[in-house]
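Structure record follows, encoded as structure tokens.
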Amino acid sequence: MWTALFDKMPPVKVIDESIDYKYYVNLDLSLANRDLALVNIDDAQAFGRYLNKYLSQHRAKVAYGGYNEKRSLYKRRAIFKNDNSPERDIHIGLDLWSPAGTPVLAALDGKVHSFNYNAGVGNYGPTLLLEHAVEEQVFYTLYGHLSLESISGPAIGQTVKAGEQIGTLGDAIVNGDYAPHLHFQLIRNIADYFGDYPGVCNEQQLPFFLDNCPDPNLLLKINIQ
């Protein structure tokens with residue numbers, strides 16, 4: 001259903017409209033990327049240096065990827081651990097890595113569902129969720145790791161237009177201690193969540209989250225330009 005719905009739409013952007021998709025490069029943060037063993041990925045500054053070098057090598061301005069990706073990135077972050085269930089280490093959104101201050105755009109027409117400052121190491125930091133209705137299908141988009149200013153202005157129920165700037169990328173001080181990036185996620189059923197929604201799951205939860213959170217690249221269409 002979601003593939004058919006999004007196939008009808010043109011590609012959309014969720015960060016900096018001026019950056020053409022030809023300047024995007026895929027970034028593998030899975031366990032298969034052996035280069036990460038040489039980087040302290042738990043250190044936002046060290047990972048930022050790795051990222052800048054990677055972008056320079058590929059003559060790119062944005063690195064993207066991570067949907068349904070099993071990562072070691074979360075192993076030192078307590079928020080992803082629970083004594084009663086397996087560690088959460090599978091990413092179920094799409095990350096777009098770009099400098100702090102990069103404009104963040106609404107993917108589609110919609111309205112503000114909720115927003116929150118999800119503070120703490122490993123968390124989203126400032127987070128905004130939009131509600132959309134396309135062909136009578138209601139769904140949500142989540143924008144995580146924003147700047148604090150991004151959630152100081154919106155009001156719940158406020159309408160937004162596709163491509164409208166809704167915020168900017170935050171830095172490591174506010175975004176959960178990560179190198180600057182946008183966590184973008186599609187959500188079919190938001191349940192009772194407000195200003196937040198899981199962006200990482202474990203193996204047991206994966207079937208549910210893959211069904212409830214379709215691949216964001218169905219909408220962005222980055223890799224078919």
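Packing, taken as the mean count of other beta carbons within 10 Å per residue, orders the peptides 148-158, 197-207 from highest to lowest as 197-207, 148-158. Return, ordered by residue number, the residues of the stretch 28-59 whose backbone nitrogen is under 16 Å from a label point located 7 Å along Cα→Cβ of Lys70. Under 16 Å, as judged by backbone N against the label point of Lys70, lie 29-34 of the stretch 28-59.
Give the carbon-plus-sulfur fraction of the accessible surface of the chain in %, rounded to a whole number; probe 1.4 Å, heavy atoms of protein chains only. Please report the intermediate quantities before stating the final value.
On the way: 5230 of 10620 Å².
The computed percentage sits at 49.
Which of rounded, prolate, oblate describes the chain, given a ≥ b ≥ c as roots of the alpha-carbon gyration tensor eigenvalues and a/c under 1.5 marking rounded, otherwise prolate only if a/b is larger than b/c? Rounded.
For the stretch 92-103, putting each phi into the Karplus relation 6.51 cos²θ - 1.76 cosθ + 1.60 with θ = phi - 60° gives couplings of 10, x, 10, 9, 10, 8, 7, x, 4, x, 4, x Hz, in residue order, rounded to whole numbers and with x for Gly and Pro.
Between Ala46 and Glu87, full extension at 0.36 nm per residue minus the direct alpha carbon distance yields a gain of 12.4 nm.
Listed cross-link partners Lys13/Lys61; Lys22/Lys161; Lys22/Lys221; Lys22/Lys61 are compared with a 18 Å cut-off, the Cα-Cα value being larger for Lys22/Lys161. Between Tyr193 and Val121, what is the FRET efficiency for a Förster distance of 25 Å, r being their Cβ-Cβ separation, to the nearest 0.05? Working from the Cβ atoms, E equals 0.75.
May I ask you to compute the full-extension gain from Ala155 to Lys111, defined as 0.36 nm times their residue separation minus their alpha-carbon distance, rounded to one decimal in nm? Intermediate values should be presented prior to the final figure.
Numbers: separation 44, 0.36 × 44 = 15.84 nm, distance 0.92 nm.
This chain segment gains 14.9 nm when fully extended.
Note on Tyr54 and Gln137: their simple-model spin labels are 3.0 nm apart, each label 7 Å out from Cα toward Cβ.
For the stretch 1-145, what is the accessible area per residue in Å² when the probe is 1.4 Å?
48
The relative contact order of the stretch 92-196 comes to 40 percent, based on Cα pairs under 8 Å that sit 6 or more residues apart. Counting only Cβ charges, +1 for Lys and Arg and -1 for Asp and Glu, the dipole size of the chain around its Cα centre is about 560 debye.
The values are calculated or read from the model by the stated rules, or taken from the named source; none is laboratory data. On a predicted model such as this, the values are computed, not experimentally measured, just so you know. Because the Cβ atoms are built from the backbone with ideal geometry, glycine has one as well, and the counts that use them run over all protein chains shown. Side chains included, ligands, DNA and RNA excluded: accessible areas come from the protein's heavy atoms. Shrake-Rupley method; radii C 1.70, N 1.55, O 1.52, S 1.80 Å.
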